[in-house]
1. Under DSSP H, which helices of the chain have Cα atoms covering 24 Å or more of the helix axis and a Kyte-Doolittle average no less than 1.0?
2. Just to be sure I understand: with springs between alpha-carbon atoms less than 10 Å apart, which residue in Cys227, Cys41, Cys103 has the highest mean-square fluctuation in the Gaussian network model of the chain?
3. Given a Förster radius of 25 Å and the C-beta distance between Leu39 and Arg74 as r, what FRET efficiency does 1/(1 + (r/R0)^6) yield to the nearest 0.05?
4. Counting just the Cα atoms, what span does region 40-164 cover along each of its three principal axes? Round to the nearest Å and put the largest first.
5. Can you give me the orientation-averaged projected area of the convex hull built on the Cα atoms of region 144-213, in nm²?
6. At a 1.4 Å probe radius, carbon and sulfur cover how many percent of the accessible area of the chain?
7. Give, to the nearest whole percent, the P(r) tail of region 179-274 beyond 18 angstrom, counting all Cα pairs.
8. Normalising by the residue count of the chain, find the relative contact order in percent from Cα pairs under 8 Å and 6+ residues apart.
Amino acid sequence: MNPWIEAMRLRTLPVSVAGVIAGTACAIDHHGFSWAPALCCLLFAILAQIASNFANEYFDFRNGLDRPGRDGFRRGVTEGDISPGSMLRATMLTLVLAAIPGCALILWGGWWMVPIGIAIGLFALAYSAGPYPLSHHGLGDIAVIIFFGLVPVTLTAWLQTGSAEVIPIALCVGLGIGLLAADVLIVNNYRDMDDDAAVGKRTTVVIFGRKVAAAVYVMFGIAGLLCLCFIGSAWMCVPAAFIPVVVAYGRQLRRRSGSALNPMLGRTAGLLLAASVVILVEVILG
């Protein structure tokens, strides 16, 4: 089971969890918490991200973009631990499993959930597959901001409240979550820059270089945390207390390379999760 657990990339799963937590905070702020749609959103988000991670491993192997002994997390397909066919089947099965809680959301959101769910499923595949893989053409960061920030936060808040009044604040919070989630991708691509450049995978780090990427990491982190300060009462500015942490992580990013960046990937995802939990607690206490 170890290769499969590694392929799930558990250190990055807080990215999908944080969006649902932040969306729930927005719902509570508008007096509309409902545990059932919140749970369905959480299960859907986690399974969709796992499917995307599986698809990334399969399609990067199929397209010759991975090599054995890479600096990043061990790739089971590339290393021969998992067959390509098994990984493809696991990707499709995980998407089917994600569709179960996704379809349940029709009870609260109506049939609009069907095209939205399909779009999210297509993103999970289009990130690494298709005629124009987003992660190969410098669009991965934008996709993460949209599908791990704006979409999950806004949908989670709206499905629980049933009110369009929650959407403006949910979009602001969703932007903050998306920017912090993009930082996780920046660390991943920062570590893999040399490998990606060698096979023609043009991430934003490959395009603009490590120096710019480290600066953007800090900029995204600060901007994301400030966006989270707009929820609730005026005194709710605790997320801004994480700004020194972001600055410190930015310094570490410039000083490390290769596999030494793997722990920082988990720390960046943990920072995102912590910030989302903080605003949830603030709203509950407020």
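1. Values: long enough: 35-62 (40 Å, 0.88); 84-104 (31 Å, 1.27); 167-191 (35 Å, 1.54); 210-228 (27 Å, 1.71); 262-285 (35 Å, 1.69).
Helices meeting the criterion: 84-104, 167-191, 210-228, 262-285.
2. Among Cys227, Cys41, Cys103, the largest mean-square fluctuation in the Gaussian network model of the chain belongs to Cys103.
3. Details: r = 32 Å, r/R0 = 1.27.
Plugging the Cβ-Cβ distance into 1/(1 + (r/R0)^6) gives 0.20.
4. Extents along the principal axes, in whole Å: 50, 28, 24.
5. On the way: hull surface 20.6 nm².
Approximately 5.2 nm², given one-decimal rounding.
6. Details: 8490 of 12260 Å².
After summing per-atom areas, the C and S share lands at 69 percent.
7. Details: 1998 of 4560 pairs.
Of all Cα-Cα pairs in region 179-274, 44 percent lie more than 18 Å apart.
8. Details: 463 pairs, mean separation 73.7, N = 286.
It comes to 26 percent, rounded to a whole number.
The values are calculated or read from the model by the stated rules, or taken from the named source; none is laboratory data. All values reported here derive from a predicted model rather than from experimental measurement. Heads up, the Cβs are rebuilt from the backbone with ideal geometry, glycines too, and the neighbour counts pull from every protein chain shown. We work out accessible area using only protein heavy atoms, side chains counted, and drop any ligands, DNA or RNA first. Shrake-Rupley method; radii C 1.70, N 1.55, O 1.52, S 1.80 Å.
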